[in-house]
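Heads up, the thing below is written out as structure tokens.
What follows is calculated from the coordinates using simple rules that are stated; it is not laboratory data. None of these values were measured; they are calculated from a predicted model. Glycine also receives a Cβ, built like all others from the backbone with ideal geometry; neighbour counts cover every protein chain displayed.
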């Protein structure tokens, strides 16, 4: 994919304030999400939370109505649509850019009717064959996440076996990209997500993060979703007890900083401020390093 195509997409969803990396704030309109399930099930509270995240500096708010945590039970698509559509509508009316976190074409259609700007599909287009038609017709960005899901996409499932997780994830995402393009989705509207924690163990997650430059080298923007995930809890475990989700924010922010440093297009996080701060430090550090390499500049940019 050309650099121009990447630029076209980043103009649609661009980081504010000259940051190097898009920050996507999470609003779960669910009863059972692993981190904040039930907290924002009321549409009014969810809208208020999304506005707070945007005012804190998030570039886009990702609204989801169905949990994909391990063991989660799938809900009726009408319930999912009824959860996300009013929240998206309220955020859009408040001037907040939004994405919808869904695997279902019917839910994506409801979200698009409500004004959503991006579809974030954790199945990578595999769960619902009609999704590609909906996205192509709407001409909006589509985030394709990697997930070797259970047959019914009921939950993340146990970790799959990989001989080489990086190579296999790239190959499988490439197939989904080709299918999307064949169906009429312009490549400038595609974003890849390696799917940390989805049918992957902690070792797989760290390998994928370590290979982020390889992922970004494919020419498509890459979204990293590490926020509060199990592999961070396992890393920070005390006496073999994983750190609880609300104690993983510093680790999440560190991942955000390193993801930005290694070329990620965006990070998806629950706590916006900590990741914004971490990315600001990364950007300042990079500008200073660039200025040393190019003494004719004072801030790492061309005068």
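Tabulated data
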| quantity | calculated |
| --- | --- |
| Filter result (part of a helix (DSSP H, G or I), touching a residue at least 24 places away in the same chain (Cβ under 8 Å) and surrounded by fewer than 21 Cβ atoms within 10 Å (Cβ to Cβ)) within segment 51-77 | 51, 77 |
| Residue in segment 184-204 that is over 13 Å from the mean Cα position of the chain (by Cα), closer than 16 Å to residue 256 by Cα and surrounded by 22 or more Cβ atoms within 10 Å (Cβ to Cβ) present | no |
| Per-region count, segment 126-142, residues surrounded by fewer than 17 Cβ atoms within 10 Å (Cβ to Cβ), in contact with a helix residue (DSSP H, G or I) (Cβ under 6 Å, 6 or more places away or on another chain) and assigned to a helix (DSSP H, G or I) | 0 |
| Per-region count, segment 180-205, residues touching a helix residue (DSSP H, G or I) at 6+ places or on another chain (Cβ under 7 Å) and part of a helix (DSSP H, G or I) | 8 |
| Checking residue 164 against (1) buried (at least 20 other Cβ atoms within 10 Å of the Cβ); (2) without any contact (Cβ under 8 Å) to a residue 24 or more places away in the chain, the condition it does not meet | (1) |
| Failed condition for residue 95, given (1) part of a loop (DSSP other than H, G, I, E, B); (2) crowded, with 24+ Cβ neighbours inside 10 Å | (2) |
| Filtered residues of segment 263-276 (kept if in contact with a strand residue (DSSP E or B) (Cβ under 9 Å, 6 or more places away or on another chain) and farther than 11 Å from residue 227 by Cα) | 263, 264, 265, 266, 276 |
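Conditions (1) out of contact with any helix residue (DSSP H, G or I) (no Cβ under 7 Å at 6 or more places or on another chain); (2) surrounded by fewer than 17 Cβ atoms within 10 Å (Cβ to Cβ); (3) under 16 Å from residue 24 (Cα atoms), marked per residue:
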| residue | (1), (2), (3) |
| --- | --- |
| 224 | no, no, yes |
| 232 | no, no, no |
| 264 | no, no, yes |
| 272 | no, no, yes |
| 278 | no, no, yes |
| 288 | yes, yes, no |
| 296 | yes, yes, no |
